[in-house]
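Heads up, the thing below is written out as structure tokens.
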Amino acid sequence: MEQEKTFEQSLVELESLIKDLESGNVDLDQAINKYSDAMKLIKNCSDKLDNATAKVNQILKENGNIEEFSIEE
């Protein structure tokens, strides 16, 4: 059974896939597979960030009320 990747591992793998795709040295089938893998990694990272935000929201609660935490871009 494959161990779930950490956020950091997913980012490193995603960066590698992007470099491969940007290089133009992959054929169409490889590019499609790499793109599909990249989208899975992006979803994994997004899910982990959502989970981390939810945890931070729980930590920031006062008087039984959750103070919403959001990441400003």
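Considering only residues that are farther than 14 Å from SER10 by Cα and in a helix (DSSP H, G or I), which ones fall in region 37-61? Step through it out loud before you land on a result.
Here is the first cut: in region 37-61, the ones farther than 14 Å from SER10 by Cα are 50-61.
Of everything in region 37-61, those that are farther than 14 Å from SER10 by Cα and in a helix (DSSP H, G or I) turn out to be ASP50, ASN51, ALA52, THR53, ALA54, LYS55, VAL56, ASN57, GLN58, ILE59.
Hey, could you check region 22-35 for residues that are exposed (fewer than 11 other Cβ atoms within 10 Å of the Cβ) and small (Gly, Ala, Ser) and say which is modelled with the lowest pLDDT?
Of region 22-35, the ones exposed (fewer than 11 other Cβ atoms within 10 Å of the Cβ) are 22-25, 27-29.
If we keep only those that are small (Gly, Ala, Ser) as well, we get 23-24.
Details: SER23: 94, GLY24: 89.
Filtering first and then ranking leaves GLY24.
Pick from LEU21, LEU14: which is of a type outside the set (Val, Ile, Thr) and in contact (Cβ under 8 Å) with a residue 24 or more places away in the chain? Working first, answer last.
Details: LEU21 fails: in contact (Cβ under 8 Å) with a residue 24 or more places away in the chain.
Exactly one of LEU21, LEU14 is of a type outside the set (Val, Ile, Thr) and in contact (Cβ under 8 Å) with a residue 24 or more places away in the chain, namely LEU14.
Only residues that are polar (S, T, N, Q) and modelled with pLDDT of 90 or more: list them for region 1-21, please. Write out each step before concluding.
We begin by selecting, within region 1-21, every residue polar (S, T, N, Q); these are 3, 6, 9-10, 16.
Matches in region 1-21: THR6, GLN9, SER10, SER16.
The values are calculated or read from the model by the stated rules, or taken from the named source; none is laboratory data. Note that the structure is predicted; figures quoted are calculated from it, not measured. Note that we place each Cβ from the backbone using ideal geometry, even for glycine, and neighbour counts take in every protein chain shown.
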